[in-house]
Amino acid sequence: MIFLKTEEEIALMRAANQLVGKTLGEVAKLIKPGVTTNELTRVAEEFIRDNGAIPTFKGYPNQDNVPFPAALCTSVNEMVVHGIPNDEPLKEGDIVSVDCGTLLNGYNGDSAYTFCVGEVSPEVRNLLKVTKESLYLGIEQAVAGKRLGDIGYAVQTYCENHGYGVVREFVGHGIGREMHEDPCVPNYGKRGYGTQLKKGMCLAIEPMITMGSRQIQMDRDGWGVRTRDHKPAAHFEHTVAVYQGKAEILSSFDFIAQVLGDKEF
Ligand code: MG
Ligand code: MG
(Lines give C-alpha, C1' and ligand atoms only; values in the text may rest on other atoms or scores of the structure.)
(Ligands and ions follow the chains in the order given, each with its own letter.)
Protein backbone atom coordinates (compact mmCIF):
# COMPACT_ATOMS: atom_id res chain seq x y z
CA MET A 1 0.00 0.00 0.00
CA ILE A 2 1.38 3.39 -1.04
CA PHE A 3 0.81 6.27 1.39
CA LEU A 4 0.42 9.70 -0.19
CA LYS A 5 1.76 12.44 2.07
CA THR A 6 0.05 15.71 2.90
CA GLU A 7 1.96 19.01 2.80
CA GLU A 8 2.27 18.83 6.61
CA GLU A 9 3.80 15.37 6.35
CA ILE A 10 6.15 16.45 3.56
CA ALA A 11 7.36 19.30 5.79
CA LEU A 12 8.26 16.71 8.44
CA MET A 13 9.95 14.53 5.79
CA ARG A 14 11.93 17.58 4.66
CA ALA A 15 13.17 18.20 8.21
CA ALA A 16 14.29 14.58 8.69
CA ASN A 17 16.01 14.58 5.31
CA GLN A 18 17.75 17.92 5.82
CA LEU A 19 19.17 16.45 9.03
CA VAL A 20 20.51 13.52 7.01
CA GLY A 21 22.10 16.03 4.63
CA LYS A 22 23.73 17.88 7.52
CA THR A 23 24.97 14.61 8.99
CA LEU A 24 26.57 13.67 5.66
CA GLY A 25 28.18 17.13 5.68
CA GLU A 26 29.70 16.34 9.10
CA VAL A 27 30.96 13.04 7.73
CA ALA A 28 32.46 14.81 4.69
CA LYS A 29 34.66 16.89 7.03
CA LEU A 30 36.28 13.70 8.37
CA ILE A 31 36.94 11.74 5.19
CA LYS A 32 40.65 11.37 4.56
CA PRO A 33 43.22 8.59 4.50
CA GLY A 34 43.61 7.08 7.98
CA VAL A 35 40.11 7.67 9.32
CA THR A 36 38.08 4.56 10.17
CA THR A 37 34.45 4.00 9.27
CA ASN A 38 33.77 3.36 12.98
CA GLU A 39 34.90 6.93 13.62
CA LEU A 40 32.53 8.20 10.89
CA THR A 41 29.52 6.40 12.34
CA ARG A 42 30.37 7.48 15.91
CA VAL A 43 30.39 11.14 14.90
CA ALA A 44 27.25 10.74 12.77
CA GLU A 45 25.30 9.03 15.56
CA GLU A 46 26.23 11.72 18.06
CA PHE A 47 25.23 14.47 15.60
CA ILE A 48 21.88 12.80 14.85
CA ARG A 49 21.04 12.33 18.55
CA ASP A 50 22.19 15.88 19.42
CA ASN A 51 19.61 17.07 16.88
CA GLY A 52 16.80 15.15 18.58
CA ALA A 53 16.55 12.34 16.03
CA ILE A 54 17.12 8.60 16.01
CA PRO A 55 19.66 6.93 13.71
CA THR A 56 17.19 4.58 12.01
CA PHE A 57 19.73 2.11 10.66
CA LYS A 58 21.01 1.14 14.12
CA GLY A 59 19.14 -1.99 15.14
CA TYR A 60 17.29 -2.27 11.82
CA PRO A 61 16.71 -6.00 11.19
CA ASN A 62 17.54 -7.83 7.96
CA GLN A 63 15.40 -10.73 6.67
CA ASP A 64 17.09 -13.10 9.16
CA ASN A 65 16.43 -10.65 12.01
CA VAL A 66 20.11 -9.71 12.34
CA PRO A 67 20.14 -6.09 13.55
CA PHE A 68 22.38 -3.59 11.74
CA PRO A 69 24.90 -2.46 14.38
CA ALA A 70 25.60 1.15 13.38
CA ALA A 71 24.11 4.53 12.43
CA LEU A 72 25.76 4.56 9.00
CA CYS A 73 26.24 2.02 6.26
CA THR A 74 29.80 2.51 5.04
CA SER A 75 30.59 0.61 1.84
CA VAL A 76 34.20 0.74 0.66
CA ASN A 77 35.34 0.07 -2.94
CA GLU A 78 33.86 -3.29 -4.02
CA MET A 79 31.15 -3.05 -1.33
CA VAL A 80 27.94 -1.92 -3.00
CA VAL A 81 25.73 -1.15 0.01
CA HIS A 82 25.09 -2.05 3.66
CA GLY A 83 28.74 -2.20 4.73
CA ILE A 84 29.14 -2.46 8.51
CA PRO A 85 31.58 0.17 9.84
CA ASN A 86 34.86 -1.20 11.22
CA ASP A 87 38.30 -0.20 12.53
CA GLU A 88 40.13 -0.49 9.22
CA PRO A 89 41.55 2.90 8.18
CA LEU A 90 40.47 4.26 4.81
CA LYS A 91 43.33 4.45 2.30
CA GLU A 92 44.32 6.97 -0.36
CA GLY A 93 42.44 6.02 -3.54
CA ASP A 94 39.50 4.32 -1.79
CA ILE A 95 35.90 5.28 -2.34
CA VAL A 96 33.32 4.99 0.43
CA SER A 97 29.56 5.11 0.11
CA VAL A 98 28.03 6.59 3.26
CA ASP A 99 24.32 5.90 3.68
CA CYS A 100 22.46 7.61 6.52
CA GLY A 101 18.93 7.42 7.90
CA THR A 102 17.19 9.48 10.58
CA LEU A 103 13.81 9.34 12.28
CA LEU A 104 12.72 12.83 13.35
CA ASN A 105 9.26 13.62 14.73
CA GLY A 106 7.89 10.35 13.36
CA TYR A 107 9.18 10.68 9.77
CA ASN A 108 12.19 9.23 8.01
CA GLY A 109 15.11 10.68 6.10
CA ASP A 110 17.37 8.55 3.88
CA SER A 111 20.26 9.67 1.67
CA ALA A 112 23.65 8.37 0.55
CA TYR A 113 26.78 9.78 -1.07
CA THR A 114 29.95 8.12 -2.33
CA PHE A 115 33.11 9.97 -1.29
CA CYS A 116 36.66 9.88 -2.64
CA VAL A 117 39.44 9.27 -0.11
CA GLY A 118 42.36 11.42 -1.21
CA GLU A 119 43.30 11.02 -4.88
CA VAL A 120 41.16 8.49 -6.72
CA SER A 121 41.85 7.12 -10.20
CA PRO A 122 40.09 8.86 -13.13
CA GLU A 123 38.24 5.63 -14.01
CA VAL A 124 36.71 5.37 -10.56
CA ARG A 125 35.96 9.10 -10.39
CA ASN A 126 34.02 8.71 -13.61
CA LEU A 127 31.96 5.88 -12.06
CA LEU A 128 31.00 8.25 -9.23
CA LYS A 129 30.19 11.11 -11.60
CA VAL A 130 27.98 8.96 -13.85
CA THR A 131 26.19 7.34 -10.89
CA LYS A 132 25.41 10.74 -9.37
CA GLU A 133 24.22 12.07 -12.74
CA SER A 134 21.98 9.02 -13.14
CA LEU A 135 20.36 9.81 -9.79
CA TYR A 136 19.33 13.25 -11.05
CA LEU A 137 18.08 11.77 -14.33
CA GLY A 138 15.92 9.41 -12.29
CA ILE A 139 14.62 12.30 -10.18
CA GLU A 140 13.66 14.19 -13.36
CA GLN A 141 11.25 11.35 -14.10
CA ALA A 142 9.74 11.33 -10.59
CA VAL A 143 6.75 13.51 -11.45
CA ALA A 144 3.03 12.93 -11.20
CA GLY A 145 1.65 11.02 -14.19
CA LYS A 146 4.93 9.23 -15.03
CA ARG A 147 5.54 5.64 -14.00
CA LEU A 148 8.11 3.82 -11.89
CA GLY A 149 9.55 2.30 -15.06
CA ASP A 150 10.40 5.78 -16.32
CA ILE A 151 12.69 6.33 -13.33
CA GLY A 152 14.37 2.94 -13.73
CA TYR A 153 14.73 3.36 -17.48
CA ALA A 154 16.44 6.74 -17.09
CA VAL A 155 18.97 5.42 -14.56
CA GLN A 156 19.61 2.14 -16.36
CA THR A 157 20.10 3.44 -19.89
CA TYR A 158 22.43 6.24 -18.78
CA CYS A 159 24.64 3.93 -16.71
CA GLU A 160 24.66 1.06 -19.19
CA ASN A 161 25.53 3.45 -22.02
CA HIS A 162 28.67 4.24 -20.01
CA GLY A 163 29.44 0.52 -19.79
CA TYR A 164 28.49 0.14 -16.14
CA GLY A 165 26.36 -2.49 -14.40
CA VAL A 166 23.03 -1.78 -12.67
CA VAL A 167 22.41 -3.85 -9.54
CA ARG A 168 19.02 -5.59 -9.63
CA GLU A 169 18.77 -7.23 -6.19
CA PHE A 170 18.61 -3.98 -4.22
CA VAL A 171 16.35 -1.06 -5.12
CA GLY A 172 14.99 2.25 -3.92
CA HIS A 173 11.74 2.49 -1.99
CA GLY A 174 8.84 4.51 -0.73
CA ILE A 175 9.56 6.28 2.54
CA GLY A 176 7.54 8.03 5.22
CA ARG A 177 6.59 6.92 8.71
CA GLU A 178 8.53 3.76 7.83
CA MET A 179 12.00 3.84 6.30
CA HIS A 180 10.94 1.24 3.73
CA GLU A 181 7.42 1.63 2.34
CA ASP A 182 5.81 0.65 -0.94
CA PRO A 183 6.57 0.93 -3.78
CA CYS A 184 9.94 -0.60 -4.70
CA VAL A 185 11.86 1.79 -6.95
CA PRO A 186 14.16 -0.26 -9.23
CA ASN A 187 17.13 1.29 -11.00
CA TYR A 188 16.12 -0.54 -14.18
CA GLY A 189 12.86 -0.65 -16.08
CA LYS A 190 10.77 0.05 -19.14
CA ARG A 191 9.51 3.45 -20.13
CA GLY A 192 5.76 3.82 -19.50
CA TYR A 193 5.51 0.69 -17.31
CA GLY A 194 4.90 0.18 -13.61
CA THR A 195 2.97 2.01 -10.93
CA GLN A 196 1.83 5.49 -11.88
CA LEU A 197 3.37 8.26 -9.77
CA LYS A 198 1.06 10.55 -7.83
CA LYS A 199 1.49 13.87 -6.05
CA GLY A 200 2.44 13.23 -2.44
CA MET A 201 4.41 10.01 -3.00
CA CYS A 202 7.77 10.14 -1.23
CA LEU A 203 10.49 8.00 -2.81
CA ALA A 204 14.09 7.17 -1.99
CA ILE A 205 15.83 6.89 -5.36
CA GLU A 206 19.22 5.21 -5.07
CA PRO A 207 21.23 3.96 -8.05
CA MET A 208 23.74 1.22 -7.14
CA ILE A 209 26.13 1.05 -10.07
CA THR A 210 29.10 -1.23 -10.70
CA MET A 211 32.23 -0.64 -12.72
CA GLY A 212 32.23 -4.23 -14.00
CA SER A 213 29.62 -6.98 -13.86
CA ARG A 214 26.38 -6.27 -11.97
CA GLN A 215 26.59 -9.62 -10.15
CA ILE A 216 26.75 -9.32 -6.37
CA GLN A 217 27.44 -11.55 -3.40
CA MET A 218 26.46 -11.30 0.25
CA ASP A 219 28.93 -11.14 3.12
CA ARG A 220 28.68 -13.73 5.87
CA ASP A 221 27.64 -11.00 8.32
CA GLY A 222 24.26 -11.01 6.56
CA TRP A 223 24.57 -7.34 5.57
CA GLY A 224 27.50 -6.44 3.32
CA VAL A 225 26.81 -6.59 -0.42
CA ARG A 226 29.86 -6.82 -2.69
CA THR A 227 30.48 -7.05 -6.40
CA ARG A 228 31.34 -10.62 -7.32
CA ASP A 229 34.19 -9.46 -9.57
CA HIS A 230 35.55 -7.20 -6.75
CA LYS A 231 35.41 -4.14 -8.98
CA PRO A 232 34.27 -0.86 -7.38
CA ALA A 233 30.64 0.18 -7.01
CA ALA A 234 29.02 3.55 -6.39
CA HIS A 235 25.80 4.56 -4.62
CA PHE A 236 24.01 7.90 -4.42
CA GLU A 237 20.58 8.43 -2.88
CA HIS A 238 18.07 11.23 -2.46
CA THR A 239 14.62 11.19 -0.89
CA VAL A 240 12.16 13.11 -3.07
CA ALA A 241 8.50 14.16 -2.98
CA VAL A 242 6.51 13.70 -6.19
CA TYR A 243 4.60 16.70 -7.53
CA GLN A 244 3.10 17.79 -10.82
CA GLY A 245 5.88 18.91 -13.17
CA LYS A 246 8.91 18.56 -10.87
CA ALA A 247 9.90 16.55 -7.81
CA GLU A 248 11.16 18.25 -4.70
CA ILE A 249 14.44 16.83 -3.42
CA LEU A 250 13.89 16.63 0.34
CA SER A 251 17.43 15.50 1.22
CA SER A 252 20.48 17.59 0.33
CA PHE A 253 24.07 17.29 -0.86
CA ASP A 254 24.59 21.03 -0.25
CA PHE A 255 26.24 20.47 3.13
CA ILE A 256 28.67 18.02 1.50
CA ALA A 257 29.37 20.49 -1.33
CA GLN A 258 30.21 23.20 1.22
CA VAL A 259 32.91 20.92 2.63
CA LEU A 260 34.26 19.48 -0.62
CA GLY A 261 34.12 22.66 -2.72
CA ASP A 262 35.47 21.93 -6.20
CA LYS A 263 37.24 18.75 -4.98
CA GLU A 264 34.14 16.64 -5.37
CA PHE A 265 35.45 13.87 -7.58
MG1 MG B 1 19.87 4.89 2.25
MG1 MG C 1 17.18 3.94 0.91
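The values are calculated or read from the model by the stated rules, or taken from the named source; none is laboratory data. The structure presented is a predicted model; accordingly, all values stated were derived computationally and were not measured. So basically every Cβ, Gly included, is an ideal-geometry build from the backbone, and we count neighbours across all protein chains shown. We work out accessible area using only protein heavy atoms, side chains counted, and drop any ligands, DNA or RNA first. Shrake-Rupley method; radii C 1.70, N 1.55, O 1.52, S 1.80 Å.
Checking the cross-link filter: which lysines have an alpha carbon closer than 19 Å to that of Lys263, excluding same-chain neighbours under 8 positions apart? Hits, sequence-local ones excluded: Lys22, Lys29, Lys32, Lys91, Lys129, Lys132.
Any chance you could run the full-extension gain for Gln63 through Ser121? It's 0.36 nm times the residue separation minus the Cα-Cα distance, nm to one decimal. Mind dumping the intermediate values first?
Numbers: separation 58, 0.36 × 58 = 20.88 nm, distance 3.61 nm.
Length difference between fully extended and current span is 17.3 nm.
How much accessible area per residue does the chain have, counting only protein heavy atoms and a probe of 1.4 Å, in square angstrom?
The answer is 43 Å² per residue.
Among His82, Leu4, Gly106, pick out the residue whose Cα is farthest towards the positive end of the charge dipole of the chain, where Lys and Arg carry +1 and Asp and Glu carry -1 on C-beta, about the Cα centre. Result: Leu4.
Which value, in Å to one decimal place, does the Kirkwood hydrodynamic radius take for the chain when every pair of different Cα atoms is included?
On the way: mean 1/r = 0.0554 Å⁻¹.
About 18.1 Å for the chain.
Taking 0.36 nm per residue of separation and subtracting the Cα-Cα distance, full extension of the segment from Lys190 to Val35 would add 51.6 nm.
Spin-label model, His162 to Tyr136: label points 7 Å out along the Cα-to-beta-carbon direction sit 1.2 nm apart. Counting only DSSP H runs of at least 4 residues, each contributing -39500 (n - 2.57), and dividing by the residue count of the chain, the helix-based mean residue ellipticity at 222 nm comes to -9500 deg cm²/dmol. Centre-to-centre, using Cα atoms only, the stretch 1-43 and the stretch 180-244 are separated by 18 Å. The stretch between Asn105 and Lys129, if pulled fully straight at 0.36 nm per residue, gains 5.3 nm over its current Cα-Cα span.
When the charge dipole of the chain is built from unit charges on Cβ atoms (+1 for Lys and Arg, -1 for Asp and Glu) and taken about the Cα centre, the candidate among Asn17, Leu127, Cys159 whose Cα reaches farthest toward its positive end is Cys159.
For the stretch 93-165, GluC sites (Glu not before Pro) meeting the loop criterion (DSSP other than H, G, I, E, B) and having at most 16 other Cβ atoms within 10 Å: Glu119. Loop-located GluC sites (Glu not before Pro) in the stretch 19-106 (DSSP state not H, G, I, E or B) with no more than 16 neighbouring Cβ atoms inside 10 Å: Glu92.
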